[in-house]
Amino acid sequence: MTSPSLEFEDLEVDFPTKDGIVRAVRGVSCSLESGQVLGIVGESGSGKSVTALAAMGLLPRNAIVRGSVRFKGRELLGLKEKEYSDVRGTGIGMIFQDPMTSLNPVYSIGWQIAEAVRAHQSVSKEEALLEAVRLLKTVGIPNPEDRVTDYPHEFSGGMRQRVVIAIAMANNPDVILADEPTTALDVTVQAQVLASLKLALTETHAALLLITHDLGVIAGLADRVLVMYAGRSVEMGSVDDIFYRPAMPYTHGLLGSLPRLDSDGSERLRPIPGSPPANAGEHQGCPFAPRCPRRAAICEEQEPELTLVPGPEGAEPHRAACHFAEEVSQAEPGKLFAISSGDPEAGPVR
Ligand SMILES: Nc1ncnc2c1ncn2[C@@H]1O[C@H](COP(=O)(O)OP(=O)(O)O)[C@@H](O)[C@H]1O
Ligand SMILES: [Mg+2]
């Protein structure tokens, strides 16, 4: 059996601060198979970016990192900076929320893509520029022959992000790691950028780790989804598990706060009440309990482990970290927060 493209095992990241240790990631395990799309979703502060940055060796020096992150079987944690830059150049491509973190303002778009092409193929400058035009066309930039000499500031935000995708394609990576790639964009532009990303995957056969706070972004693209809350994975399963059989109340909450294209607008969106804990490492019990409509006494005492949820026969494993996972998976997705539970054990909805 070949190794997964990217594999996290019990990843933990702590940040020592003047107010004590911040436990940003508390034991995340997941694997991204070759050619697959894994979505990581969770509210702001849940540890998504820190997980990605740990894989890329881009965390601040004071971060304390434990566990393992392997790229095609090779351990990444503890690599020297020189070794990391090799992996980043050819193995793992990155797309961030702000495309200007990846683009150089003083070089033309074409030059920057051509450089990436020439880093991997022995072709002339002219040939590399032709390839840049082709890549710009592939990601959906109109009139690429004319635009190739433009500078980043002459492109809109959505177009810049597509240029970053073109550069990632030129590098022909095994894994693309995209952290909130469409968050700064309008909804219509978001859809175009996601379409470009899809094309990039078809052309490069890369696996994609797609990080977003918006489940809607994941729906059309991901094969599997990891839901993060307070630094932990609280649910992991196929897209169908997450959208149709969510077994963690938090996932129900994320679904309920999602606008639905098939609704007539009569249903109100329900944001999850309350906010995530400031530092989950200091809490006893389930960190979601204070916001949870299914909360019971045990939730205040014991943080639930990620365990298997029974599902359709032959389905891939679906796991959730909730003491009532099986029951919750049978509730109508997105509606859990509307019901005030009749269970005397359940706590009040705050
Ligand atoms: N350099 C740092 N020092 C201290 N705390 C940090 C640092 N970077 C991130 N954190 C904390 O780690 C947690 C997870 O952050 P992050 O991974 O950026 O969340 P998100 O899911 O929004 O991407 C947050 O509580 C954040 O405040
Ligand atoms: Mg983030």
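Worth pointing out:
- Rg(Cα)/(2.2 N^0.38 Å) for region 226-338, N = residue count: 1.05
- Cα-centre dipole for region 6-222 with unit charges at Cβ (Lys and Arg positive, Asp and Glu negative), debye to 20: 280
- Relative to one another, the C-alpha centroids of region 104-121 and region 47-61 are positioned 26 Å apart.
- Two-site label geometry, Ser156 and Gln302: point separation in nm, points 7 Å out along Cα→Cβ: 5.4
- Here the contact order of region 1-99, divided by its residue count and restricted to Cα pairs under 8 Å and six or more residues apart, works out to 33 percent.
- Value of [θ]222 nm, deg cm²/dmol, for the chain, DSSP H segments ≥ 4, -39500 (n - 2.57) each, nearest 500: -8500 deg cm²/dmol
- The modelled label-to-label distance for the pair Glu327/His213, using points 7 Å beyond Cα in the direction of Cβ, is 3.1 nm.
- FRET E, pair Asp19, Thr101, Förster distance 25 Å, beta-carbon r, rounded to 0.05: 0.35
- DSSP-defined antiparallel bridges as percent of all bridges, the chain, nearest 5: 60
- Relative contact order (%) - region 6-222, alpha-carbon pairs under 8 angstrom, separation at least six: 26
- With kT/(6 pi eta Rh) evaluated at 10 °C and eta = 1.306 mPa s, and Rh the Kirkwood radius from Cα pairs, region 1-130 diffuses with a coefficient of 94 µm²/s according to Stokes-Einstein.
- Calculated from the alpha-carbon coordinates, the chain shows an Rg and a Dmax of 21.4, 74 Å respectively.
- Approximating the spin labels as points 7 Å out from Cα along Cα→Cβ, the Ser124-to-Glu316 distance works out to 4.6 nm.
- With contacts taken as Cα pairs under 8 Å at a separation of at least 6 residues, region 226-338 carries a relative contact order of 37 percent.
- Dipole of the chain, positive end: most advanced residue of Ala63, Leu76, Ser29 [Cβ charges, Cα centre]: Ala63
- The count of lysine pairs in the chain that are at least 8 places apart or cross chains, and whose C-alpha atoms lie under 29 Å apart, stands at 14.
Read-outs: derived from the displayed coordinates by stated rules, not from any lab. This structure is a prediction, so every number in the text was calculated from the model and none was measured. Cβ sites come from the backbone with ideal geometry, for glycine too, and all protein chains shown count toward neighbours.
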